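Participant: This is the structure, below, for whatever I ask next.
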Amino acid sequence: MQNTLGDLNNHLFAQLERLSDEDLKGEQLSEEIERAKAVTTVANQIISNGSLVLQAQRFHTEYKSKDLRKPRMLEG
């Protein structure tokens, strides 16, 4: 399984659509809100991770030398 930031974006919009369902009321709405909070927490971590990888890539590009190795996460 390989997910992309585009996939994350699609999941976030799908979650937004579920939250916009006017038929959700009471306990069902509360459960969807809790699910949305969990999705948001995970999404924020994924975005932070992507940002860190991008910063590492910029650093690698700027200070590239024969002795500087890319972190494994940036390979492949």
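The values are calculated or read from the model by the stated rules, or taken from the named source; none is laboratory data. Please read all numbers here as calculations on a predicted model, not as lab measurements. Neighbour counts run over all protein chains shown; Cβ positions are idealised from the backbone, glycine included.
Participant: Considering each residue of the stretch 20-37, count those that are exposed (fewer than 10 other Cβ atoms within 10 Å of the Cβ) and acidic (Asp, Glu), and give that number.
Facilitator: Counting residues in the stretch 20-37 that are exposed (fewer than 10 other Cβ atoms within 10 Å of the Cβ) and acidic (Asp, Glu) gives 3.
Participant: Report, by residue number, each residue of the stretch 9-31 that is among the acidic types (Asp, Glu) and under 22 Å from ILE47 (Cβ atoms).
Facilitator: So in the stretch 9-31, the residues among the acidic types (Asp, Glu) come out as 17, 21-23, 27, 31.
GLU17 - this is the single residue of the stretch 9-31 that is among the acidic types (Asp, Glu) and under 22 Å from ILE47 (Cβ atoms).
Participant: For the stretch 39-58, does any single residue satisfy the condition of being at pLDDT below 95, surrounded by 11 or more Cβ atoms within 10 Å (Cβ to Cβ), not aliphatic (A, V, I, L, M) and not in a helix (DSSP H, G or I)?
Facilitator: No, the stretch 39-58 contains no residue that is at pLDDT below 95, surrounded by 11 or more Cβ atoms within 10 Å (Cβ to Cβ), not aliphatic (A, V, I, L, M) and not in a helix (DSSP H, G or I).
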